[in-house]
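A.B. asks: If you scroll down you'll find the structure; I have some questions about it.
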Ligand SMILES: Nc1ncnc2c1ncn2[C@@H]1O[C@H](COP(=O)(O)OP(=O)(O)OP(=O)(O)O)[C@@H](O)[C@H]1O
């Protein structure tokens with residue numbers, strides 16, 4: 001096992017690039033294991049497609065990108081917390097149940113906020129397109 005305790009190691013570009021690789025691996029694992037990530041991916045594609053078709057402003061793109069990032073961030077932390085919980089206690093445990101439910105609640109908050117932002121930014125130009 002690697003010794004992870006050396007906090008005073010000098011700066012290394014190679015190590016920074018390796019960290020990026022670890023982060024990409026994390027995203028891949030989230031996509032492979034977490035079905036909710038597929039839902040987020042479908043929603044993200046729909047939002048980006050909608051933004052392009054409706055030609056929304058730069059300010060609206062900022063809101064949409066932040067909303068999508070918020071959901072992905074919440075889902076990533078939720079997935080990591082779930083994996084840690086399953087590793088620590090695979091059997092039924094009331095504390096684990098609460099921890100997982102709280103993490104899931106965080107995703108719900110992010111998703112509701114993102115949906116509201118999506119409706120507020122894409123809704124009006126979509127209605128204009130329809131009429
Ligand atoms: N070890 C456990 N002890 C007690 N309750 C648990 C345990 N594991 C999961 N749960 C309960 O089941 C719920 C779903 O847990 P799970 O790990 O399947 O997460 P999920 O992400 O909601 O499911 P999915 O695998 O579909 O993404 C949790 O929110 C929690 O209430």
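A.B. asks: Rounded to the nearest 10 degrees, what's the angle between the helix 94-130 long axis and the longest principal axis of the chain, both from Cα atoms, 0 to 90?
C.D. replies: 20 degrees
A.B. asks: Specify the residue with the greatest mean-square fluctuation among 97, 87, 16, computed from a Gaussian network of the chain linking alpha-carbon atoms under 10 Å apart.
C.D. replies: Answer for the Gaussian network model of the chain: 16.
A.B. asks: Quick one: if you stick a label point 7 Å off each Cα along the C-beta vector at residue 59 and residue 25, how many nm between them?
C.D. replies: 4.4 nm
A.B. asks: Still on this structure, I have one more. Do the sum for the chain: with -39,500 (n - 2.57) for every DSSP H run of n ≥ 4, divided by all residues, what is the mean residue ellipticity at 222 nm, to the nearest 500 deg cm²/dmol?
C.D. replies: -30000 deg cm²/dmol
A.B. asks: In what sequence do 79, 121, 131 fall when counting other Cβ within 10 Å, fewest first?
C.D. replies: 131, 79, 121
A.B. asks: Would you list the P(r) distribution for segment 84-131, with all Cα-Cα distances sorted into 5 Å bins from 0 and each bin expressed as a whole %?
C.D. replies: Spelled out bin by bin, segment 84-131 gives 5, 18, 15, 12, 11, 9, 9, 7, 7, 5, 3, 0 percent.
A.B. asks: If you don't mind, another one. Where Rh denotes the Kirkwood radius from the mean inverse Cα pair distance, what is Rg over Rh for the chain?
C.D. replies: So for the chain, dividing Rg by the Kirkwood Rh gives 1.09.
Laboratory data are not the source of any read-out in this text; all were calculated from the coordinates shown. Predicted model, so just to flag it, every value in this text is computed and none were measured. Backbone-built Cβ (ideal geometry, glycine too); neighbour counts: all protein chains shown.
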